[in-house]
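For reference, the structure is listed below as structure tokens.
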Amino acid sequence: MLALLAVYAVGVEPRWTATRRIEASVPGWSRPPLKVAVASDWHITRRPLGAMTLDRAAAIVAQINAANPDVVLLPGDFIAGDGDPASRGEPDAQEIAAVLGKLRAPLGVYAVLGNHDWWADGPAVAEALKRRGIQVLENDAREIDAGLWVAGIGDHMTGHSNPVRTVAAVPPRAHALVVMHDPASLLDLPAVQGLAVAGHMHAGQVRLPGHGALITPGRAPRSWSYGWVDHRGLQAWVTSGLGTSILPVRFNARPEWVLLVVGAAAG
């Protein structure tokens with residue numbers, strides 16, 4: 001039985017990517033429904049047991065494009081492992097950006113960097129993504145439509161998070177899509193209208209019935225490891241991400257990319 005569970009956790013679930021369509025209600029939303037694709041924690045690798053290869057990443061990019069999102073948010077950790085990927089025989093930032101640069105959305109594709117990206121070479125990862133048309137926001141915000149902003153917060157684990165500076169650029173009555181790698185950045189996030197998305201937690205990679213995530217990284221509460229988080233009235237979706245980190249294992253924590261359909265709150 002244990003052998004079968006091990007085969008499933010290593011050979012099946014890490015490659016069993018879910019596509020989730022989730023309705024998200026935002027108070028005061030007056031524009032038509034907005035389709036927001038969220039794809040985090042790719043950890044693209046060439047390791048023999050690695051689930052997220054360049055080819056699989058390309059297939060997921062095609063799936064996301066086929067869903068015709070209005071905007072795409074990438075909450076970081078594109079690199080697998082730590083340090084220089086090329087020295088470990090892993091895909092480098094240029095190879096990864098060449099695949100993710102094929103993402104298309106009329107309001108743009110936006111990314112923040114994750115801890116693994118910084119441990120590799122944050123500036124090089126950011127530059128590679130920018131060259132492929134992906135806008136990288138590090139504690140910065142951009143208006144993408146009248147009254148609608150994307151605000152990108154830097155990575156918390158590596159000391160790059162500055163939520164206060166990030167949302168200061170958003171006008172008081174505007175709505176914002178706040179994207180961060182680590183949900184721990186929510187702890188210091190001022191009040192903002194809209195919704196937030198985060199990754200980093202991988203849903204724990206191993207979730208036990210009745211307990212939830214076995215291990216979670218960083219300062220965010222274990223209860224924030226996956227799904228909706230309500231923090232000071234702001235709804236945030238913490239995605240399980242696409243790849244794996246440290247161990248090539250997932251159990252009861254399927255990889256996913258998410259299409260959030262954002263609309264007005266009922267009533």
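The values are calculated or read from the model by the stated rules, or taken from the named source; none is laboratory data. All values derive from a computational prediction rather than experimental measurement. Cβ: placed from backbone, ideal geometry, glycine included. Neighbour counts: every protein chain shown. These area figures cover heavy atoms from the full protein model, side chains too; ligands, DNA and RNA do not enter into them. Shrake-Rupley method; radii C 1.70, N 1.55, O 1.52, S 1.80 Å.
Numerical summary
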read-out: Helix-only [θ]222 nm of the chain, DSSP H runs n ≥ 4, -39500 (n - 2.57) each, per residue, nearest 500; value: -5500 deg cm²/dmol
read-out: Cα→Cβ-extended label distance, 7 Å offset, between ALA67 and THR19, nm; value: 0.8
read-out: Whether the stretch 1-126 is rounded, prolate or oblate, judged on the alpha carbon gyration tensor where a/c under 1.5 counts as rounded; value: oblate
read-out: Estimated inter-spin distance, SER30 and ALA98, nm [label 7 Å along Cα→Cβ]; value: 4.7
read-out: Nearest-ten-degree value, helix 115-131 long axis tilted from longest Cα axis of the chain; value: 60
read-out: Normalised contact order of the stretch 211-267, rounded percent, pairs of Cα under 8 Å and 6 or more residues apart; value: 20
read-out: Degrees between helix 54-66 axis and first principal axis of the chain (Cα, 0 to 90, nearest 10); value: 30
read-out: Highest average packing first - 224-236, 244-256, Cβ atoms within 10 Å; value: 244-256, 224-236
read-out: Solvent-accessible area per residue for the stretch 134-186 (1.4 angstrom probe, square angstrom); value: 35
read-out: Protection-proxy order for peptides 104-112, 180-188, each taking the mean of Cβ atoms within 10 Å per residue, highest first; value: 180-188, 104-112
